[in-house]
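Q: Let me begin by handing over the structure; questions about it come next.
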Amino acid sequence: MSEIDLHTHSTASDGTYSPTELVKAGQETGLKALALTDHDTTKGLPEAVSAGHKFGLEVIPGCELSVEYPQGQMHIVGLWLPTSPKSLGQELDYLRNRRHARNERIIDKLTSLGIDINYEQVKNLAGEATIGRPHIARVLCQKKVVRNIQEAFDQFIGPQGQAYVPKEKFTPQKAIQILKQEKATVILAHPYSLELQTNQLRLELIKLQSIGLDGMEVFYSEHDPKQTSTYLGLCQELGLLISGGSDFHGRVKPNIFLGKGKGNLDLKYELLEKMKDYRTEQGLWIT
Ligand code: AMP
Ligand code: ZN
Ligand code: FE
Ligand code: FE
């Protein structure tokens, strides 16, 4: 049974649980600590932290940034952010504005394919959340243009889809720099998604470490036992912190459970303890 989950999403990005519901679910699942790491936003953090106080759960304020990478997907998680970070907030506002432009281009492409959809419908569904492709996918489902979310991505809005538009992202350097500016601990999320051989990953990690990377997400819902042990070995070899999380999104990813992932996660509080010791050594503040 996991004691911690250091990678989760709420309605502030594309999860289906509000920050409060997420923290409550964490407490009910028996977690001691949970990090909220919404995509490209920190807007859910104040609510999550106050829910943490209410439900007696340690909440680590974080976020997950998608960054430019020539292949696969590189995501970088920052942990122990301020709940309302100023300079990161401004950088994220910029990205969000770029996102709106991108969403509009996706909708335009869908419309030109003869699909009856407009941005207002997507905004209504998303509410306060940062609008992204999952919201567009849900509207396409509601309208029965596709049978399910996967089909929406495969046919229309995924990289091979007819209405695909790439997202503007920070470089890894920039992302690490702005997270560090906020005194965050910087973790490479789900390294399997870089689609690198072990040797290539080692080189990439050394590069990232030289610009401030602190750790890597070794334990993750989609990692098989062999990947997990490879990533663990790399962390030990390079002196990187070991992180772990489910990437819980609520019912948009129904096979991934908070703290449990696909049943493959057993995350001990000790991982978090090691991170805190490391932060203390660096003279950084801990929530
Ligand atoms: P966006 O930030 O708007 O590009 O959307 C990215 C999100 O879309 C990811 O976090 C995933 O949750 C979701 N996503 C990407 N590809 C797929 C897929 N094939 N099926 C379901 N969800 C996906
Ligand atoms: Zn997501
Ligand atoms: Fe991710
Ligand atoms: Fe995630």
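The values are calculated or read from the model by the stated rules, or taken from the named source; none is laboratory data. Just so we're clear, the structure is a prediction, and the values are computed from it rather than from any experiment. Cβ atoms come from the backbone with ideal geometry, glycine included; neighbour counts cover every protein chain shown. To get the accessible areas, we keep the full protein, side chains included, count just its heavy atoms, and leave off ligands, DNA and RNA. Shrake-Rupley method; radii C 1.70, N 1.55, O 1.52, S 1.80 Å.
Q: Using Cα pairs closer than 8 Å and at least 6 residues apart in sequence, work out the relative contact order for segment 140-193, in percent.
A: Result for segment 140-193 is 13 percent.
Q: Now a separate question. By per-residue mean of other Cβ atoms within 10 Å, what is the highest-first order of 24-30, 199-205, 245-251?
A: 245-251, 24-30, 199-205
Q: Could I ask something else about it? Kindly give Rg over Rh for the chain, based on alpha-carbon atoms, with the Kirkwood expression for the hydrodynamic radius.
A: 0.96
Q: In segment 38-140, how does Rg compare with the Kirkwood Rh, expressed as the Rg/Rh ratio over alpha carbon atoms?
A: Computed over Cα atoms, the ratio is 1.04.
Q: Roughly how many debye, to the nearest 20, is the charge dipole of segment 103-254 about its Cα centre, given +1 on each Lys and Arg Cβ, -1 on each Asp and Glu Cβ, and no other charges?
A: My answer is approximately 220 debye.
Q: Rounding to the nearest 10 and keeping the result within 0 to 90°, find how far the Cα-based axis of helix 19-29 lies from the longest principal axis of the chain.
A: Rounded to the nearest ten degrees, it is 50.
Q: Projecting each Cα onto the charge dipole of segment 217-287 (Lys/Arg +1, Asp/Glu -1 at the beta carbon, about the Cα centre), which of Val252, Asn264, Trp285 comes out farthest on the positive side?
A: Of the listed residues, the answer is Val252.
Q: What's the magnitude of the charge dipole for the chain around its Cα centre, counting Lys and Arg as +1 and Asp and Glu as -1 at the beta-carbon? Answer in Debye, nearest 20.
A: Taking the Cα centre of the chain as origin, the dipole is about 520 debye.
Q: Where does the Debye-calculated log10 I(q)/I(0) of segment 80-223 sit at q = 0.16 Å⁻¹, using only Cα point scatterers of equal weight, no solvent?
A: -1.02
Q: Relative contact order for segment 125-271: what is it in percent, counting Cα pairs under 8 Å that are at least 6 residues apart?
A: 14
Q: Oh, and also: Can you tell me the accessible area per residue over the chain, all protein chains present, probe 1.4 angstrom, in square angstrom?
A: Spelled out: the 1.4 Å probe surface of the chain, per residue, equals 45 Å².
Q: Something else now. Mean separation of Cα pairs under 8 Å and 6+ residues apart, divided by the residue count of the chain: what relative contact order is that in percent?
A: In percent, rounded to a whole number, it is 22.
Q: Less than 11 Å Cβ to Cβ from Ser193, Lys/Arg counted +1 and Asp/Glu -1: what total charge do the surrounding residues give?
A: That sum, taken over residues with Cβ under 11 Å, equals -4.
Q: Please state, as a whole number in µm²/s, the translational diffusion coefficient that the Stokes-Einstein equation yields for segment 149-235 at 4 °C and 1.567 mPa s, with Rh defined as the Kirkwood radius across alpha carbon pairs.
A: 87
Q: Can you tell which of Val145, Val67, Val49 shows the greatest fluctuation in a Gaussian network model of the chain with Cα springs below 10 Å?
A: Val145
Q: Cα axis of helix 225-238 to longest principal axis of the chain: angle in degrees, 0 to 90, nearest 10?
A: Roughly 50 degrees, rounded to the nearest 10.
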